[in-house]
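> First, the structure itself, so that you have it in front of you.
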Amino acid sequence: MTTTTAAGLAASGYVLRLCHRWIKLRAQVRRAELDQHGLSERARSLPPGSRIIERTAHHDVDILIGGMTMGRSAR
């Protein structure tokens, strides 16, 4: 095996790892976008005063529809 072949194999291995990482991260971003879109759609369909509580391994969501935010005063 020549030095050029070894360098080429090492470079292609690096490029493959980089592509795999990019694809994996892009899939995570897409799943988060879909989760956010679904949550927004559910929130839009509920009447004021409703509450959405969603707990998963990745995130905890607690939304009060049409309510005041705690800790802020209305001026």
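> For I63, what accessible area in Å² do you get when you roll a 1.4 Å probe over the heavy atoms of the protein chains, rounding to the nearest 10?
Answer for I63: close to 50 Å² accessible.
> Additional query: Which residues' amide hydrogens lie under 5 Å from the amide hydrogen of L46, considering only partners 5 or more residues apart or on another chain, with H built in the peptide plane?
Counting only residues 5 or more places away or on other chains, the set is empty.
> Right, something else. Which ³J(HN,Hα) values, rounded to whole Hz and listed in residue order, are derived for region 58-66 from phi using the Karplus coefficients 6.51, -1.76 and 1.60 in 6.51 cos²θ - 1.76 cosθ + 1.60 with θ = phi - 60°, glycine and proline given as x?
9, 7, 10, 10, 9, 10, 9, 7, x
> Follow-up question, since we're still on this one. Considering only protein heavy atoms, what per residue accessible area in square angstrom results for the chain with a 1.4 angstrom probe?
The answer is 90 Å² per residue.
> Ok, one more. Using protein chains only and a probe of 1.4 angstrom, how many square angstrom of R55 are accessible, to the nearest 10?
Its heavy atoms expose roughly 150 Å² to the probe.
> Right, another one. Modelled label-to-label distance, E33 and S12, 7 Å Cα→beta-carbon offset: nm?
3.2 nm
> A follow-up question, please. Tell me which label goes with the value of volume of the Cα convex hull per residue in Å³ computed from the coordinates here: [x] 106; [y] 148; [z] 95.
[y]
> Test of understanding: what is the full-extension gain from H20 to S40, defined as 0.36 nm times their sequence separation minus their Cα-Cα distance?
Here the segment from H20 to S40 would lengthen by 4.2 nm.
> Next question, about the same structure. Where the only charges are on Cβ atoms (+1 Lys, Arg; -1 Asp, Glu), what is the dipole of the chain about its Cα centre, to the nearest 20 debye?
Taking the Cα centre of the chain as origin, the dipole is about 120 debye.
> Quick check: at a probe of 1.4 Å, how many percent of the accessible area of the chain sits on carbon and sulfur atoms?
Carbon plus sulfur share of accessible area: 60 percent.
The values are calculated or read from the model by the stated rules, or taken from the named source; none is laboratory data. Everything numeric here is computed off the predicted structure, so don't read it as measured data. We place every Cβ from the backbone using ideal geometry, glycine too, and count neighbours over all the protein chains shown. Just so you know, the surface numbers come from the protein's heavy atoms only, side chains and all, with ligands and any DNA or RNA stripped out. Shrake-Rupley method; radii C 1.70, N 1.55, O 1.52, S 1.80 Å.
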